[in-house]
Amino acid sequence: MTTAAVKGLVERLRDGENVICAEGYMWELERRGFLRSGPFTPEVVIEHPERVRQLHEEFVHAGSDVVEAFTYYGHRAKMRMIGREDELETLNLAALEIARDVADRTGTLMAGNLCNTTIYDPGNIETIEEVKSIFQEQVEWAVKGKADYFIAETFNSFGEASLALEAIRKYGKGLPAVITMAAYVPDRTTDDVPFPQAMRRLEEEGAAVVGLNCARGPATMLPLLRQIRQACKGPIAALPVIFRTTPQQKCFHCLTDPVTGAKAYPAELSPLQCTRAEIRQFATEARELGVQYIGLCCGSASYYLREVAIVYGRNPQAARFKPDLAMNLATGSAQLFERGDHVRKARAFMFGNIE
């Protein structure tokens, strides 16, 4: 266990440092067979806590500065949907305990998590009051779990994002907040606030970091980030999904299979994943833009996050295992492998260079 004091989020950003934050727990645990696509609720925290712990450790190994407690969709509205509302507090405190333990052992920051509630309706006072209650209890549990700061993420409505920030400021004992929103197809929130303006308002309301996460892939998030960078004075965040969104299909919800034309979201997105080179290019452009808080969201895996970390000047433990294609039979140097006719013939067969 590390004994040195861990530098806080705000202090790092004020000193011009960058913060790498792994997200994407929900999709990675679904891919591994421990979470159901569709509801995406995190009962894995209770049923298989060792899997959550392992994924935290993997992401730190790949370069994450942050261990984010896996309470995404672990709120009252979603747990009620699956009939497990009575386990709500148990789940939240367990997720926070796991994250705190991993953070303490690895010398990283631990973040509490709030997210979109799926019930928010700006025209319905009952849902607004329920959203406030959901945020309050999760903030109070995160304080109890000794979070270092809060991540409030994936809001499509400025109003709901603002309520999350309000709860953190009211009940969060002074802990800083990172507020990120999901941009779908339009460059405005679902309550019709242009994203640059929404980010600026959240900044003015006291968020330590504002930005975008989820929904858009690197190619369609970057243009909007450039507008946000111009609108905001403080640090901005970028955590895209790892899918090949395009100007014609701006968010991963509307992506279609390149062969069949069928809708790919949420369970058939595999053929639309970015390459590692595309993730490196995104990280390079984000760093040049001045994005200080960087990561990846849905679809991410440790090998993708490692690429971001390396671009941002880090040397994570996982960098030891980055590809070395010179030592591969198919791609390696002739000096290493082409020592006989059979090896040369095998390589020719691989690439179809057959006489």
Using +1 on the beta carbon of Lys and Arg, -1 on that of Asp and Glu, and nothing else charged, what's the dipole of the stretch 270-355 about the Cα centre, debye to 20?
260
Can you give me the relative contact order of the chain as a percent, contacts being Cα pairs under 8 Å and 6 or more apart?
17
Considering only DSSP beta bridges with both partners in the chain, what is the antiparallel share in %, to the nearest 5?
10
What's the magnitude of the charge dipole for the stretch 186-300 around its Cα centre, counting Lys and Arg as +1 and Asp and Glu as -1 at the beta-carbon? Answer in Debye, nearest 20.
240
Using unit Cβ charges (K, R positive; D, E negative) and no other charged atoms, how large, in debye to the nearest 20, is the dipole of the chain about its Cα centre?
1060
Might you tell me the accessible area per residue for the chain, computed with a 1.4 Å probe and given in Å²?
45
Quick one: Karplus J couplings for the stretch 33-38, per residue in order, coefficients 6.51, -1.76, 1.60, θ = phi - 60°, nearest Hz, x for Gly and Pro?
x, 10, 7, 8, 5, x
Apply the Karplus parameterisation 6.51 cos²θ - 1.76 cosθ + 1.60, with θ equal to phi minus 60°, to every residue of the stretch 195-209 and state each ³J(HN,Hα) to the nearest whole Hz, in sequence, with x for glycine and proline.
4, x, 5, 4, 5, 5, 5, 5, 4, 5, 7, x, 5, 6, 9
Put +1 on the Cβ of each Lys and Arg and -1 on the Cβ of each Asp and Glu in the stretch 159-270; which of VAL178, VAL259, GLY234 then has its Cα farthest toward the positive end of the dipole?
GLY234
For the chain, the spread of Cα positions along each principal axis, largest first, Å
75, 49, 44
The farthest towards the positive end of the charge dipole of the chain, of the residues SER133, MET81, GLN197, given +1 on Cβ of Lys and Arg and -1 on Cβ of Asp and Glu, is GLN197
Classify the stretch 204-326 as rounded, prolate or oblate, taking a ≥ b ≥ c as the square roots of the eigenvalues of its Cα gyration tensor: rounded when a/c is under 1.5, otherwise prolate if a/b is larger than b/c and oblate if not.
oblate
At R0 = 22 Å, how high is the FRET efficiency between GLU85 and ILE46 if r is their beta carbon distance? Nearest 0.05 is fine.
0.95
Can you tell me the orientation of helix 158-171 relative to the chain, as the angle in degrees between its alpha-carbon axis and the longest Cα principal axis, to the nearest 10?
70
Residue among GLU43, GLU126, GLU87 with the largest mean-square fluctuation in a Gaussian network model of the chain, springs linking Cα atoms under 10 Å
GLU126
Using the structure shown, select from LYS7/LYS233; LYS146/LYS233; LYS78/LYS170 the pairs with a Cα to Cα distance greater than 27 angstrom.
LYS146/LYS233
Considering only GLY24, GLY217, GLY174, give the residue with the highest GNM mean-square fluctuation for the chain, with springs between Cα atoms whenever their separation is below 10 Å.
GLY174
From most to least accessible, 1.4 Å probe, no ligand or DNA/RNA atoms counted, GLU160, GLU204, GLU50, GLU30 line up as GLU204, GLU50, GLU30, GLU160
Carbon and sulfur atoms account, in whole percent of the 1.4 Å probe accessible area of the stretch 127-218, for 47
Signed unit charges on C-beta, dipole axis of the chain, positive-most listed residue ILE310, LEU114, PHE34
ILE310
Leaving out ligands, DNA and RNA, and with a 1.4 Å probe, what % of the accessible surface on the stretch 219-305 is carbon or sulfur?
51
What residue among ILE310, ILE46, ILE82 shows peak mean-square fluctuation when the chain is described by a Gaussian network model with Cα springs under 10 Å?
ILE82
Obtain the nm distance between the two label points defined at LYS144 and ALA319 by a simple spin-label model: each point lies 7 Å from its Cα along the Cα-to-C-beta direction.
4.1
Contact order relative to length of the stretch 1-155, as percent, for alpha carbon pairs under 8 angstrom and 6 or more apart:
25
Under the Karplus relation 6.51 cos²θ - 1.76 cosθ + 1.60, θ = phi - 60°, what is the ordered set of whole-Hz ³J(HN,Hα) values for the stretch 57-74, x standing for Gly and Pro?
5, 4, 5, 5, 4, 7, x, 5, 8, 10, 10, 8, 4, 8, 10, 4, 6, x
Once both axes come from the Cα atoms, what is the angle between helix 302-311 and the longest principal axis of the chain, in degrees from 0 to 90, rounded to 10?
90
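The values are calculated or read from the model by the stated rules, or taken from the named source; none is laboratory data. A quick note: this is a predicted structure, and the numbers were derived from the prediction, not measured. Reconstructed Cβ throughout: ideal geometry from the backbone, glycine too, with neighbour counts over all protein chains shown. For the accessible areas, the whole protein counts, side chains as well, though only heavy atoms, and no ligand, DNA or RNA atoms are used. Shrake-Rupley method; radii C 1.70, N 1.55, O 1.52, S 1.80 Å.
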